[in-house]
Amino acid sequence: MKVPNHIAIILDGNGRWAKARGMPRSYGHVKGCANLETICDDMKELGVKYLTVYAFSTENWKRSREEIEGLMRLFRNYLKKCIKISEKNKMKVKIIGDIRAFDEDIQRRIVELEEFSKDYDELHFYIALNYGSRDEIVRGMRRFGQDVKEGIRTPEELDERLFADYLDTAGAPDPDLMIRTSGELRLSNFLLWQLAYTEFYFTEVAWPDFNRAELIRAIETYNNRDRRYGGVKEE
Ligand code: FPP
């Protein structure tokens with residue numbers, strides 16, 4: 001089985017999963033968060049080098065106050081706990097998205113976690129928080145415009161490689177496989193630039209139930225695809 005170098009996942013279905021069990025949506029997020037820890041271990045064991053997960057979108061602020069508060073509590077706890085997880089898995093963690101929207105203590109925890117894990121390289125773990133792909137592109141191009149203004153760059157220099165350097169994912173290879181759980185067949189503003197050539201895998205399984213066996217099923221499906229980059233079949 002050829003293991004993808006970079007897997008991206010849209011973690012979807014926590015709310016429906018909880019509702020189906022007569023529980024509040026927040027319970028689904030707690031279970032979803034616990035599952036993220038397990039899946040990180042599985043990725044490491046299977047030899048995946050890059051993992052990117054969509055945990056909170058720029059649109060998610062529209063959810064109820066109660067749900068947002070539950071999610072912020074979860075992020076606080078997880079960001080702290082993730083220091084130990086990064087040590088265990090030798091995992092470099094980076095948050096992508098505009099973190100300025102979060103409370104200061106959350107921003108501080110993000111900086112601490114990134115600083116602590118910066119030299120690990122066995123698994124590169126990107127967590128998308130307050131992330132939207134269009135927002136990422138606009139923020140990146142603003143920075144580029146600023147660099148042009150300051151004489152650091154010229155407009156003629158801009159090509160696809162340099163453009164990618166201005167995204168939050170700068171330095172990461174594009175995902176080989178994108179998984180979305182829980183039956184929705186949309187990208188929902190996730191990594192629009194980075195997923196240009198990526199294989200997509202959609203499953204009905206809700207995120208809290210997405211386990212190692214499901215991950216292997218996704219990788220096997222990916223292996224059976226006839227991967228083409230602009231017409232030339234990969235050897
Ligand atoms: C989608 O399910 C999930 C979210 C909006 C939040 C994802 C959060 C986690 C998996 C846990 C926390 C993660 C970290 C990084 C600490 P949904 O609520 O949209 O489910 P639904 O589609 O069934 O309503």
Take the residues of the stretch 1-45 that are over 20 Å from CYS82 (Cβ atoms) and of a type in the set (D, E, K, R): which is nearest to the ligand (Cβ to nearest atom)?
-> ARG16
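Yes or no, residue by residue, for (1) assigned to a helix (DSSP H, G or I); (2) away from the ligand (no atom under 11 Å from the Cβ):
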position: PHE56; (1), (2): no, no
position: GLU67; (1), (2): yes, no
position: LEU71; (1), (2): yes, no
position: LEU74; (1), (2): yes, no
position: ASN77; (1), (2): yes, no
position: VAL93; (1), (2): no, no
position: ARG100; (1), (2): yes, yes
position: ASP105; (1), (2): yes, yes
Sole residue being among the basic types (Lys, Arg), touching a strand residue (DSSP E or B) at 6+ places or on another chain (Cβ under 8 Å) and either modelled with pLDDT of 95 or more or under 23 Å from GLY183 (Cβ atoms) (or both), chosen from LYS49, LYS31, LYS84 = LYS49
For the subset of the stretch 78-114 comprising residues that are free of Cβ contacts under 8 Å to residues at least 12 places away in the same chain and not charged (D, E, K, R), which member is surrounded by the fewest Cβ atoms within 10 Å (Cβ to Cβ)?
-> VAL111
Can you tell me which residues in the stretch 136-157 are assigned to a loop (DSSP other than H, G, I, E, B) and touching a helix residue (DSSP H, G or I) at 6+ places or on another chain (Cβ under 7 Å)?
-> ARG153, THR154
Within the stretch 148-181, considering residues that are surrounded by 10 or more Cβ atoms within 10 Å (Cβ to Cβ) and among the polar types (S, T, N, Q), the one nearest to LEU195 (Cα to Cα) | THR169
Mind telling me which of the residues THR38, THR52 ends up being in contact (Cβ under 8 Å) with a residue 40 or more places away in the chain, under 22 Å from ILE7 (Cα atoms) and exposed (fewer than 15 other Cβ atoms within 10 Å of the Cβ)?
-> THR38
If you go through the stretch 200-223, how many residues are closer than 15 Å to ARG180 by Cβ and in a loop (DSSP other than H, G, I, E, B)?
-> 5
Odd one out for VAL205 among (1) more than 16 Å from the ligand (Cβ to nearest atom); (2) crowded, with 16+ Cβ neighbours inside 10 Å; (3) of a type outside the set (Ser, Thr, Tyr); (4) over 13 Å from the mean Cα position of the chain (by Cα) = (1)
Do you know which residues across the stretch 107-134 are hydrophobic (A, V, I, L, M, F, W, C) and in a strand (DSSP E or B)?
-> LEU123, PHE125, ILE127, ALA128, LEU129
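The values are calculated or read from the model by the stated rules, or taken from the named source; none is laboratory data. Here the structure is a predicted model, which means the values were calculated and not measured. Don't worry about glycine lacking a Cβ; one is built from the backbone with ideal geometry, like all the others, and counts go over all protein chains shown.
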